[in-house]
Each structure stands twice: as C-alpha cells, then as structure tokens.
1. Would you give the gap between the C-alpha center of segment 297-349 and the C-alpha center of segment 133-195, rounded to a whole Å?
2. Give me the accessible area of TYR186, 1.4 Å probe, in Å² rounded to the nearest 10.
3. Could you sort 99-107, 234-242, 346-354 so that the peptide with the highest average Cβ count within 10 Å comes first and the rest follow in order?
4. Give the shape of the chain as rounded, prolate or oblate, defined through the alpha-carbon gyration tensor: a ≥ b ≥ c are the square roots of its eigenvalues, a/c under 1.5 means rounded, and otherwise the shape is prolate if a/b is larger than b/c and oblate if not.
5. Could you rank ASP112, ASP374 by how accessible they are, 1.4 Å probe, largest area first?
6. If I ignore ligands, DNA and RNA and count only protein heavy atoms, how much of ARG261 is accessible to a 1.4 Å probe, in Å² to the nearest 10?
7. Sequence gap at least 6, Cα distance under 8 Å: using those rules, report the relative contact order of segment 366-446 to the nearest whole percent.
8. Please tell me the relative contact order of segment 111-217 in percent, rounded to the nearest whole number, where contacts are Cα pairs under 8 Å and at least six residues apart.
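The values are calculated or read from the model by the stated rules, or taken from the named source; none is laboratory data. Quick caveat, the model's predicted, so the values are computed rather than measured. Because the Cβ atoms are built from the backbone with ideal geometry, glycine has one as well, and the counts that use them run over all protein chains shown. Each accessible area value is taken on the protein alone, full model and side chains, heavy atoms only, with ligands, DNA and RNA left out. Shrake-Rupley method; radii C 1.70, N 1.55, O 1.52, S 1.80 Å.
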Amino acid sequence: MAAEARHFKYVILGGGVAAGYAAREFREQGVKPGELAIISKEALLNLTIHFFFQVAPYERPALSKGYLFPQNAARLPGFHTCVGSGGEKLLPEWYSEKGIELILSTEIVKVDLAAKTLTSAAGATFTYEILLIATGSSVIKLTDFGVQGAEYNNILYLRDIEDGEKLLAAMQAKKDGKAVVVGGGYIGLELSAALKINNFDVTMVYPEPWCMPRLFTAGIAHFYEGYYARKGINLVKGTYAAGFDADENGDVTAVKLKDGRVLEADIVIVGVGGRPLTGLVKGQVAEEKGGIKTDGFFETSVPGVYAIGDVATFPMKLYNDQRRVEHVDHARKSAEQAVRAIKAKESGEPIPEYDYLPYFYSRSFDVAWQFYGDNVGDDVLFGDNDPAATQPKFGSYWVKDGKVVGVFLEGGSADEYQAIARVARTQPPVVDVEVLRKDGLEFATKI
C-alpha cells in the first residue's frame, strides 16, 4: 500500500539559490515550524567513497570562481545561501532548527497543479497549499545535438556541486594538461581563467565573432580577449566543436573543430547555455518566452502557484515588457518578492510590484566588471580599453531614444558602481553622444 501523502502549507520545488533565499524570507515573515518544505534532487556524490551527501541550498556562482582556486578554495559549508549577498550562512541545521523540512535527494517526476500534488521518482507524494517553482535551469549538453563523441570521459559541464566535484577530479587526474573550453560566454570566460590559474594550457572555442556577444560590444570584448591572450589563453573564434577523439579508455584526447582544425585535449569543459526546467508543469500553466508567465508578484496563471528565478517570465516594469532573467541577483530578489507577496496576500497588506533593474557581474584574474540596465540602442565606449593597461578602467553606455538605458564598467569602485546603477535606473537624457564619450564615467558620477 502506498505511503500517505505528506502535507505542507508551503512547498518550494527546487534547491538552488532561489530556494535558500525564499526560505530565509519565509522565516523573516514568521513561517511556523512544519509549514514549509524544500524538495530538491540536489545531492553530492563523494567520488572518494562513492557516497551521496545531501546538500542544502548554496550560492552557485562560487562553483566557477572560488571552488576551483588552487589555494584557499571555497568549499561547503562555506558558501551556503545566503552568504553571497552578505547574509547569514544557512547551514542544514538552520533549517531543522527553524522547523523547515529539507527533503533532498528527492527527484519530483510528476506535478499535478489541479490536485496540488507532487510525486517523486521513488513514489512518495507531497501535497501543498502554496507552491513555489524554483527548478532553475539544466545545462545544454553537446549530446543533445548528437555531436560525435560528446559522451567521452572528461567532457564536462558545470551546473551544480556534483559537476564541480567531477571537474576537480579531472583537473587532479590531468594535472598541468591541455584544456579546451567550448563556449565564449560567462561560464567559458570564468572557467578558462580558473583553469589557467591551475596551470592548464587553455584554449577557448566559440562560433561568434567575439566573446560574450549577448552583452559585450566589440569594443568591450576587445579588452577581455586581449587580456586573456596576454594571460596565455588561446582564443579560437568563428568555429565550433564538431566531434571528439578518445583513447582506448574512452578518455577524450582531441576536439575536432568544424573548420577542420584539431585541438589536443585532456579535459573539455562545455558552457553553451542552459534551459529553464519547466517540463513538469508544461500544459498546466501559461508560458511565455520559454519560461512560466508570472505577474509582478511571481504568481502564475494558476492561483497559489508561484515561479521564481530562471524559470519565471515576469513583467520588467522599467522597460514595459516581459522578460526571463538567468542570473543569481534576480534569483535572490524574485524569491524574496514572491514570499513577501504570499504573506501580503494572507494578511491583506498590499506590496509594490517587482521593479527589477537588470544587473550582471563577473570576476576573473584581476579584472572585474558590472553592468546595469539594458544593452540596447547605440553603444558609447569610454575610457581606455587597452588590454595591456596596468589598471584597466573603461566602460560603455547604451543610448536609446535620447536616454542612457544601460551602463557597463570595468575596474570601478563601489561608489562608481552605485553611480552607474543610478544612471541605468533613472535613464538621464543625452543630447550629444560625443560629449558623453568624452565625459565618460564622470557623466554617471555627477548624477
């Protein structure tokens, strides 16, 4: 006979960044012991003893940064949520002390929104009154496209801590070897830097004319490509991995590029994007732009069902359109907004709609940048983007309909980053872009 369903007032489906921040907000809003559960398949296989450890929510950005450092590397429990935003570190015992149930190593395979029921792979059922969908994204794999040899050993991805452990093990086994990074986006740039710091011979391969094309202009990319080349990273642009060679053990030995070139490789790391994990609720809820459509409180078309983080397509008030944002900053803030909205509905107190200012950042080697706003319209490069600069400091404004709508800055101070965020939020008018180019950062700091 099947076990009786376990019932919770609130269930968070997913155990990533958004789940940790939602749990903290629930606690701040006075959730009672036993009311809230987090259900997640998150687990870590310890490769030394082949044992799965359950893993409470953690700050995923650490995986492509501090986790891979050769010295003083970040390790759990050091980067559990909510340390990434300067908050309290929520260790597994925090959840038990607060009466929040962490149901980990539990994969939900069926969601019935009408019946308010979740079913796990092991056949356990859970019922809820309010559901927060925080399933995040899955990594896009080369095997999805049938790339020849994509299943060979040491062709790796980085999405969760288990991936991080596999990467560390491969780096240890292939010490000082040759690494090929497939993809020129966020993950590609950060992992190439981490591998280089670990003394690998690194080649980056991407099909676009320059790195990180979804955000970088040619002028911005000129600096980072030059900077990486000066660090000894080889950049191969305008082509992609079409297949792989392996030895008799099935370990990858080479990457075969579409243009016919062959790159030797001991490790291959692929970072070609992610897909929002919405499959469990497909056909049961309104969708838009590849995500689950929500209002400004992250409630979906099904009352009492909320979607947060990567999976939510929400009204971007500032630009008067619907957007889906894959970034840790939005994962944190959308989680907090949804929980406040749930509690506000219960108490009858109104709260303002989500009013998000897009924000992206990255750090690698000795450089660090931040971006706020929207990268649309004409770009206006300012400062010195020479890759050989000893203390690089440059940026770009984006001007649309006579207003600054986005700002990028490399090498800024905390005050300067606050200034560019203000500009992106207030969208000041620009009469002459040449004057803007000449004023550079001063335009932002004066506002």
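1. Between the Cα centre of segment 297-349 and that of segment 133-195, the gap is 30 Å.
2. Here the accessible area works out near 70 Å².
3. On the way: 99-107: 18.4, 234-242: 16.8, 346-354: 12.0.
With the highest mean Cβ count within 10 Å placed first, the list reads 99-107, 234-242, 346-354.
4. Working: a/c = 1.87, a/b = 1.16, b/c = 1.61.
In terms of gyration-tensor shape, oblate.
5. Listed by decreasing accessible area, they come as ASP112, ASP374.
6. Roll a 1.4 Å probe over it and ARG261 shows about 110 Å².
7. Details: 157 pairs, mean separation 25.4, N = 81.
After rounding, I find 31 percent.
8. On the way: 86 pairs, mean separation 16.7, N = 107.
Result for segment 111-217 is 16 percent.
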